[in-house]
Amino acid sequence: MNAVTLNDRSLSEVMEAPETEALPAPAAPVRQTPYFETESGKRFIEGTLTLFKNAVPPLLGMLLFVALWALVANSGGQIPGPGETWAAAVELFSDPFYDNGPNDQGIGWNILNSLGRVGIGFSLAAAVGIPLGFMIGRFDFLNRMLSPIISILRPVSPLAWLPIGLLVLQRAEPASIWVIFISSIWPMVLNTAAGVQRIPQDYMNVARVLNLSELKVFTKILFPAVLPYVLTGVRLAIGVAWLVIVAAEMLTGGVGIGFWVWDEWNNLNVAHIIIAIFVVGIVGLLLEQMLMLIAKRFSYE
Amino acid sequence: MQSYVQIENASMVFDTRKGKFTALTGIDLHVDQGEFIALIGHSGCGKSTLLNLVAGLLDATDGVLLLANKEIKGPGPERGVVFQNHSLLPWLTAFENVYLAVEKVFAGRESKAQLKARTSAALELVGLTHAAAKLPGEISGGMKQRVGIARALAMEPKVLLMDEPFGALDALTRAHLQDELMKIVAATQSTVIMVTHDVDEAVLLSDRIVMMTNGPAATIGEILTVDLPRPRDRLQLAHDPKYHELRSQVLEFLYSRQMRPKEAA
């Protein structure tokens, strides 16, 4: 044992000795740590890597989509390709707010008009639907009274309500708001009611033991407990509302993204129709993301 | 002398889908002021039902329940309840949860600053001053239970009702909270009724152990007086023959005379 270790040591001494002698002694610690070995440098690399990892799949998806689109467009149909559409979009969005009378307005006005209708119809639906949901959830009698009606009316296609709206309200503008109202009210009613019904009995027991007033029960227990459900309802409802507005405007006319699509179809300007599809999709996505952020802010879990 | 909490011939019948179900029958119990009562029995023997009757969350089908000579009708803040699963409101901080109770009881008589001082004092009593600003989701199970106790104590209730308050906790946390509770009760001279299924907990904490027979139609089987001197120390009691004698009496009742329903069937 001893002999072996001795041999080992001497061996390593022999091996190391000439090398250390051969190396020129460094005059000063000239070697600076390279940027990528410092803390901030490492963080930079790491950040870039995660960014890369997160960005690659969606970018790849988009690229494939555009490639497929170009393929379809090049195969001799009447659909304009990505390049053509992009050029048209740049032109369109270079002046979004021109106004040449009621039938020729910029894309910006069309979007804002549609958003305005959705906003009014959706706000009315929230103002009626959320309190109604609370009452249905709180009072079983009301629940049993209204649930057959809701079950029948809810699956009706939104546009089936348009003639009734035109008949009662006489004008196109309020009729399309009515369609938004009636189609976006159900998710809010049903989700709010479900939220109220699912409040844990424990919370209500706390309210009873503390003998809280009705107002306190509402502000401290009912409302915060149900809020996440309400926001889910609101999120679904705004999706439905934005979905419906295009179809409603196609039928009623006026200034709006839906009518604009129809107008461009009559002009056979297919590039503009494709742009409209993207615009509708992106605006819908933004609306939903906005509500997701609000919902996150108010969730307590 | 009149007892503080009086239960005279109380019974509780539930209407279920399968017909009437008698949970409790012929309950007679007198609790003195400052007394610590443990309710013990097998699952389903109606101990929680009895506690809920005193809390006023349930109305007795028959019989009378009195607190300080007044009939118990519905829940009230003079009976502080510590729930089995803490029942804190998850969107309020520990402080706000306690404050809600304090505000309800004292808001008419005291200023906001006094109410806040009461809340802080209650949290300090259970050793949670540092967690006052935390939400229930951010603290451990033992801490949540302590907030629940602080909420009940902050109302300065005449009677503290606890429904298996430490049942969901691990053994070490449970022992710690039992010691805390003994100190708090000694300091505040509270009258306590506590539901438990833990024999050691019952002997350690209470002045009398109310042992219940198996349901349905459960009633009080036997009442055991725990005349161990206070303050009690769990380490010393571990070597105390009297403690073991009491403990085995409860075990004897639970496992020999009131066998588990399944085994008896």
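The values are calculated or read from the model by the stated rules, or taken from the named source; none is laboratory data. Predicted model only: the values in this text are computed from it and were never measured. Cβ placement follows ideal geometry from the backbone for every residue including glycine, while neighbour counts extend to all protein chains displayed.
Cβ-Cβ distances below 8 Å connect the following pairs, each with a first residue in the range B:40-51 that is surrounded by fewer than 24 Cβ atoms within 10 Å (Cβ to Cβ), a second residue that is basic (Lys, Arg), and a separation of six or more residues or different chains: B:HIS42/B:ARG260. B:GLY148 falls short on exactly one of the conditions (1) assigned to a strand (DSSP E or B); (2) touching a residue at least 60 places away in the same chain (Cβ under 8 Å); (3) of a type outside the set (Lys, Arg), and that condition is (1). When B:ARG257 is tested against the conditions (1) of a type outside the set (A, V, I, L, M, F, W, C); (2) loosely packed, with under 14 Cβ neighbours inside 10 Å; (3) touching a strand residue (DSSP E or B) at 6+ places or on another chain (Cβ under 9 Å); (4) within 18 Å of B:HIS30 (Cα to Cα), the lone failure is (4). Applying the selection to the range B:101-137, what residues are within 11 Å of another protein chain (Cβ to nearest Cβ) and either surrounded by 15 or more Cβ atoms within 10 Å (Cβ to Cβ) or of a type in the set (Asp, Glu) (or both)? Answer for the range B:101-137, where residues must be within 11 Å of another protein chain (Cβ to nearest Cβ) and either surrounded by 15 or more Cβ atoms within 10 Å (Cβ to Cβ) or of a type in the set (Asp, Glu) (or both): B:ALA101, B:VAL102, B:GLU103, B:LYS104, B:VAL105, B:LEU135, B:PRO136. From B:GLY63, B:GLY80, B:GLY148, B:GLY141, which residue is crowded, with 16+ Cβ neighbours inside 10 Å and more than 14 Å from every other protein chain (Cβ to nearest Cβ)? Among B:GLY63, B:GLY80, B:GLY148, B:GLY141, only B:GLY63 is crowded, with 16+ Cβ neighbours inside 10 Å and more than 14 Å from every other protein chain (Cβ to nearest Cβ). For the subset of the range B:238-250 comprising residues that are part of a helix (DSSP H, G or I) and either at pLDDT below 90 or surrounded by fewer than 13 Cβ atoms within 10 Å (Cβ to Cβ) (or both), which member is farthest from the chain's Cα centre (by Cα)? Looking at the filtered set, the residue picked out is B:PRO241.
Take the conditions under 24 Å from the mean Cα position of the chain (by Cα), touching a residue at least 60 places away in the same chain (Cβ under 8 Å) and away from chain B (no Cβ under 14 Å) and apply them to A:VAL261. Does it pass? When the stated conditions are applied, A:VAL261 does not pass them.
Scanning the range A:212-233 for residues that are more than 9 Å from A:GLY195 (Cβ to Cβ), free of Cβ contacts under 8 Å to residues at least 40 places away in the same chain and more than 8 Å from every other protein chain (Cβ to nearest Cβ) turns up A:SER213, A:GLU214, A:LEU215, A:VAL217, A:PHE218, A:THR219, A:PHE223.
Of the residues making up the range B:1-59, those that are in contact with a strand residue (DSSP E or B) (Cβ under 9 Å, 6 or more places away or on another chain), over 18 Å from B:GLY74 (Cα atoms) and assigned to a strand (DSSP E or B) number 19. Within the range B:83-100, which residues are crowded, with 20+ Cβ neighbours inside 10 Å and within 10 Å of another protein chain (Cβ to nearest Cβ)? Across the range B:83-100, the qualifying residues are B:PHE83, B:HIS86, B:SER87, B:LEU88, B:LEU89, B:TRP91, B:ASN97, B:LEU100.
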